[in-house]
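Engineer: Provided herewith is a single structure, encoded as structure tokens, for subsequent inquiry.
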């Protein structure tokens, strides 16, 4: 299924077969493609690039398709890596986190820092963090494969 090119997001680089590699949902997902292109929110004279997950209901392209600026895609990747790093050692903590120090990391970005923390405002955090940890563990093979690939590409780029 080809990603539409007549909508506000203008695809430039695409993965039309994302449905075949969408993690546990491979071959059974509504996420049919990924694209990098010109953002739908572009104003005259200002061009931003965005990443988009294209969803299809089986009948039509879905309004639940998501478009993100590239820096947010990378920020999400940083968040995933920080969480994965935390959970490597979290088993040492009774609640899988320290309630007195819920901040996991501070990642320096553009003169400030993105705080990565356990959401202690969540009333059920003690239950939810266990479920999160288990799900992260269950998906370790899928996530690790992608992180190894990302690492390889970053090394090729000189990072």
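The values are calculated or read from the model by the stated rules, or taken from the named source; none is laboratory data. Quick caveat, the model's predicted, so the values are computed rather than measured. Here the Cβ is made from the backbone with ideal geometry for all residues, glycine too, and neighbour counts use every protein chain on show.
Residues are listed down the side, and each one gets a yes or a no for (1) surrounded by fewer than 15 Cβ atoms within 10 Å (Cβ to Cβ); (2) assigned by TED's automatic domain parsing to the domain that holds residue 146; (3) assigned to a strand (DSSP E or B):
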residue	(1), (2), (3)
2	yes, no, no
19	no, no, no
33	no, no, yes
36	no, no, yes
40	yes, no, no
52	no, no, yes
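Engineer: May I ask you to list pairs of residues, at least six apart or on different chains, whose Cβ atoms are under 8 Å apart, with the first in region 80-100 being farther than 15 Å from residue 147 by Cα and the second being in a loop (DSSP other than H, G, I, E, B)?
Structural biologist: 86/97; 87/96; 90/96; 90/97; 97/118; 99/120
Engineer: List every residue pair whose Cβ atoms lie under 7 Å apart, where the two residues are 6 or more positions apart in sequence or sit on different chains, the first residue falls within region 1-18 and is within 14 Å of residue 67 (Cα to Cα), and the second residue, located anywhere, is assigned to a loop (DSSP other than H, G, I, E, B).
Structural biologist: 3/16; 8/40; 9/39; 9/40; 11/3; 11/5; 14/3
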